[in-house]
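The values are calculated or read from the model by the stated rules, or taken from the named source; none is laboratory data. No experiment lies behind these values; they were computed from the predicted model shown. Glycine gets a Cβ as well: all are built from the backbone with ideal geometry, and neighbour counts include every protein chain shown. These area figures cover heavy atoms from the full protein model, side chains too; ligands, DNA and RNA do not enter into them. Shrake-Rupley method; radii C 1.70, N 1.55, O 1.52, S 1.80 Å.
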Amino acid sequence: MSTDYNYDDKGQFFPYFVLTISGLVLVPLTYSTFKPSRQLGTSKEPLIKCPDYSPPQHETVDAARRRQAKRERRLKRFTALVLGWALFGYMCYLVATSEAITAAKLWNPYQILGISESATEKEIKSQYKRMSLKNHPDKRRPTGNETIEMLNDKFVEITKAYKALTDEEIRNNFIQYGHPDGKQSFSIGIALPTWIVASGNTYYVLAVYGLIFGILLPYTVGKWWYGTKKHTKDGVMVESAGKLFTEYDEFAAEDKLVEILSVGEEMKEITGGDHEKDWVNGEDATVEKKLAQAGLPEKEIAILNKYEGWRRRALGLLWAYLYRVDLDSEKLENAKLDVAPAAIALNRSFHSICLAFGNVQPLVASIRLSQYLIQAIAPGQSPLLQIPYFTNKIVSSIERDGGKNHWTVQRLMSVPEVERKKMCTSKGLLTESQYKTAMTFANSLPALKIESAFFKVMGEKFITPSSLVQFVLKMRVVPPGSNPPPVNPKDLLDEDPDETDVDALLGRKSRWSDSTKEGDDGVDLPLSHAPFYPRDHHPAWYITLVDLRLGKLVVPPQAITSFDKSPEGFAVVTAKMQFQAPPQAGEYGFTMVCLSDSYIGLDIQQTVTLVVSDPSKVSRIEEVDDISEPEEDSLAGQMSAMRGSGAPVKKSKKKGAAETSDDDEDESDTEGEQEGVSDTDTDTDSEDES
């Protein structure tokens with residue numbers, strides 16, 4: 001190595017380099033790791049707490065949940081963060097200590113002589129004389145680790161310091177260049193310790209450089225880049241989104257949508273895909289045999305026979321999950337539980353595609369299919385199956401019509417308690433404890449009740465063509481079978497925000513917090529009761545405004561995940577959706593649709609009418625309203641008060657400038673008639689006074 005280069009042999013500057021690089025990596029990595037989740041809802045409370053309820057194959061479901069939680073912990077990233085911040089802290093320590101060493105090397109004549117910077121010339125000479133007598137090499141002998149050279153150097157430093165403070169030329173050098181000898185030479189060093197550039201370590205250092213900058217860095221950047229390009233914002237592969245777009249059907253129902261979701265690449269990875277050898281024909285036959293034994297409808301069997309390979313396996317596993325079929329194989333059970341979250345993600349992507357087209361039928365089917373996937377119930381089955389301990393046998397005993405008209409949980413809870421208990425516990429269906437758990441779930445089911453729904457334009461009395469309309473929805477959670485208190489009429493009012501509240505006027509505030517009292521935050525809904533779904537799911541309600549006649553969306557669905565706190569548990573929450581009114585005056589019929597993504601049978605559909613007024617009629621009405629007689633009104637109030645007290649009443653002109661006697665009555669009446677004011681009360685008062 002050339003000796004023209006100076007290296008950081010004492011490690012004073014290399015920590016700055018490591019500190020900068022590690023900070024650039026650690027800060028964004030730490031933020032991305034601990035940033036708040038964008039997932040809807042944050043509650044970790046379950047809907048019901050019942051340790052004695054265990055659905056079939058609950059061990060497999062719990063194991064799947066634990067595997068997912070382990071993946072979400074991201075141990076590798078946390079380990080890298082801990083090691084990275086430990087290195088960052090050590091570099092900070094080295095920087096702090098190196099700064100102290102560097103500061104000690106600065107040449108300071110006052111410090112060398114041991115005097116203050118305010119010392120006079122006489123004090124400087126006196127101090128120099130004492131130190132030169134004490135430290136002169138001829139008068140002092142080395143002690144301890146000192147040598148003659150060290151004593152000579154110290155005496156030279158004392159002499160330079162004295163001259164720097166007394167000799168004019170040397171003092172100028174010190175003031176201008178910071179050193180008594182004038183301008184000093186300097187060199188630019190490389191912030192690398194000498195052991196890195198030592199001749200014996202050359203090949204090792206080059207190998208590490210090549211590994212980091214030639215392999216590891218390009219691999220990391222490429223993996224990140226292609227990872228972001230591989231998935232959409234909904235968390236599914238781009239190729240899957242493209243296939244879903246191709247399979248889009250504007251008349252798709254829930255059962256058709258199950259078939260569409262099996263096309264995703266995520267399903268291909270779960271069911272073998274390119275690794276066909278991992279799946280044997282016996283396993284495929286097992287799935288289809290179990291489905292046939294479970295009574296899979298002929299329609300689904302025909303659809304299953306349309307496909308071969310991995311898509312047929314994916315569709316079979318998806319039906320097995322929805323029909324809660326036990327596959328008697330750990331591998332098949334794990335695959336069955338893996339297709340459910342994949343189907344939820346693919347369904348979320350299909351939901352986004354539906355929004356782009358704006359058709360009502362596939363969008364509603366997508367949200368409703370989410371209910372079936374969360375509850376592990378096949379489309380068309382009874383909503384009562386989502387109640388703990390309820391099986392097909394119990395549901396058939398309750399409905400008693402062969403499944404032609406399925407009961408909802410609300411209908412079951414509307415049955416008197418004695419009769420309901422008899423229906424559920426007779427013939428050895430449910431035990432007392434099982435019935436109690438089932439009713440606990442039913443009484444906790446977050447069912448919405450619409451209290452009021454109307455249209456308005458902020459700050460206006462009428463809705464005119466092409467104006468910005470707000471659809472205001474007042475609702476509250478009323479579980480089935482509960483008796484909520486009457487709604488406070490004040491909670492159904494919707495006041496416009498103050499003119500100074502810019503955020504509210506521009507719609508920046510949360511659309512769900514309008515009814516929240518000051519200092520009182522909303523509370524998230526508890527986790528969905530989903531004993532067969534191998535993930536934790538936060539429930540949400542999707543509210544939208546549609547035109548069923550055209551089959552199109554008027555306002556895209558908006559999600560609500562929390563409600564205002566209330567001691568009674570029945571607080572009214574306000575939802576607002578904005579859209580532009582039609583360009584023509586008239587009455588327009590829309591349908592408000594409120595859908596749960598977690599529970600079956602709680603959907604609400606309500607017709608609402610939007611009245612768009614003719615601008616010319618509105619202007620005439622406003623002109624009439626603007627005609628007011630405040631002084632006449634005030635006068636009428638004063639006369640009424642006088643009549644009540646028995647005081648004499650005198651009329652005045654409209655301007656109120658002067659009072660008139662009874663002789664001027666006709667003149668006043670004429671003036672009142674010209675102004676369009678009725679004088680009936682005034683004439684009567686005058687006659688009474690006479």
Inset, instruction - Hey, can you tell me all the residues within the stretch 195-208 that are at pLDDT below 75 and open to solvent by 60 Å² or more (accessible area, probe 1.4 Å)? - result: 195, 199
Legend entry - Odd one out for residue 471, checked against (1) open to solvent by 60 Å² or more (accessible area, probe 1.4 Å); (2) within 25 Å of residue 608 (Cα to Cα); (3) not charged (D, E, K, R): (1)
Inset, instruction - Could you check how many residues of the stretch 75-118 are at pLDDT below 80, over 23 Å from residue 170 (Cα atoms) and polar (S, T, N, Q)? - result: 3
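Okay, residues lined up against (1) surrounded by fewer than 22 Cβ atoms within 10 Å (Cβ to Cβ); (2) farther than 24 Å from residue 592 by Cβ; (3) over 38 Å from the mean Cα position of the chain (by Cα); (4) of a type in the set (Ser, Thr, Tyr):
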residue: 385; (1), (2), (3), (4): yes, yes, no, no
residue: 404; (1), (2), (3), (4): yes, yes, yes, no
residue: 412; (1), (2), (3), (4): no, yes, no, no
residue: 434; (1), (2), (3), (4): yes, yes, no, no
Legend entry - Index of the failed condition, residue 459 passing every other in (1) open to solvent by 70 Å² or more (accessible area, probe 1.4 Å); (2) on the phi > 0 side of the Ramachandran plot: (1)
Inset, instruction - Filter the stretch 352-371 down to the residues that are touching a residue at least 40 places away in the same chain (Cβ under 8 Å) and open to solvent by 30 Å² or more (accessible area, probe 1.4 Å), then identify the one that is nearest to residue 321 (Cα to Cα). - result: 368
Legend entry - residue 13, sole failed condition from (1) among the hydrophobic types (A, V, I, L, M, F, W, C); (2) surrounded by 14 or more Cβ atoms within 10 Å (Cβ to Cβ); (3) at pLDDT 75 or above: (3)
Inset, instruction - Only residues in the stretch 556-580 that are over 14 Å from residue 491 (Cβ atoms) and aromatic (Phe, Trp, Tyr) count as the first member; pair them with residues that are modelled with pLDDT of 85 or more and open to solvent by 50 Å² or more (accessible area, probe 1.4 Å), Cβ under 9 angstrom, at least 6 apart or cross-chain, and list the lot. - result: 579/468
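Taking the stated definitions as given, is residue 211 modelled with pLDDT of 75 or more and over 48 Å from the mean Cα position of the chain (by Cα)? Can you show your working first?
Details: modelled with pLDDT of 75 or more: yes; over 48 Å from the mean Cα position of the chain (by Cα): no.
In short, no.
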Legend entry - Contacts under 7 angstrom Cβ, first residue in the stretch 98-117 being open to solvent by 70 Å² or more (accessible area, probe 1.4 Å), partner modelled with pLDDT of 75 or more and not in a helix (DSSP H, G or I), 6 or more apart: none
Inset, instruction - Name the one entry in 344, 303 that is in a helix (DSSP H, G or I), closer than 18 Å to residue 376 by Cβ and open to solvent by 10 Å² or more (accessible area, probe 1.4 Å). - result: 344
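Residues of the stretch 530-544 being part of a loop (DSSP other than H, G, I, E, B) and of a type in the set (Ser, Thr, Tyr), which ones? Outline the logic, then answer.
Initial filter on the stretch 530-544 (part of a loop (DSSP other than H, G, I, E, B)): 530-540.
Within the stretch 530-544, just 533 meets the criteria.
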Inset, instruction - Considering every residue within the stretch 45-66, establish whether at least one is closer than 30 Å to residue 333 by Cβ, at pLDDT below 80, surrounded by fewer than 16 Cβ atoms within 10 Å (Cβ to Cβ) and in contact with a strand residue (DSSP E or B) (Cβ under 8 Å, 6 or more places away or on another chain). - result: yes
Inset, instruction - Taking residue 390 as the residue in question, decide whether it is buried (at least 17 other Cβ atoms within 10 Å of the Cβ) and hydrophobic (A, V, I, L, M, F, W, C). - result: yes
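So, residue 290, is that one modelled with pLDDT of 90 or more, crowded, with 19+ Cβ neighbours inside 10 Å and over 18 Å from residue 254 (Cβ atoms) or not? If you could, list the steps in order and put the result at the bottom.
Values: modelled with pLDDT of 90 or more: no; crowded, with 19+ Cβ neighbours inside 10 Å: yes; over 18 Å from residue 254 (Cβ atoms): yes.
So residue 290 fails the test.
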Legend entry - Evaluation of residue 372 against (1) in contact with a strand residue (DSSP E or B) (Cβ under 6 Å, 6 or more places away or on another chain); (2) modelled with pLDDT of 95 or more (one fails), failing number: (1)
Inset, instruction - May I ask you to list the residues in the stretch 215-242 that are of a type outside the set (Asp, Glu), surrounded by 11 or more Cβ atoms within 10 Å (Cβ to Cβ) and over 18 Å from residue 29 (Cβ atoms)? - result: 230, 231, 232, 235, 236, 237, 238, 240, 241, 242
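Here is a yes/no grid of residues against (1) modelled with pLDDT under 75; (2) surrounded by 14 or more Cβ atoms within 10 Å (Cβ to Cβ):
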{"position": "126", "(1), (2)": "no, no"}
{"position": "140", "(1), (2)": "no, yes"}
{"position": "153", "(1), (2)": "no, no"}
{"position": "156", "(1), (2)": "no, no"}
{"position": "164", "(1), (2)": "no, yes"}
{"position": "172", "(1), (2)": "yes, no"}
{"position": "177", "(1), (2)": "yes, no"}
Inset, instruction - Could you list, in sequence order, all residues of the stretch 193-222 that are in a helix (DSSP H, G or I) and polar (S, T, N, Q)? - result: 199, 201, 202, 220
Inset, instruction - Have a look at 436, 422, 449 and point out the one that is under 30 Å from residue 538 (Cα atoms) and assigned to a helix (DSSP H, G or I). - result: 436
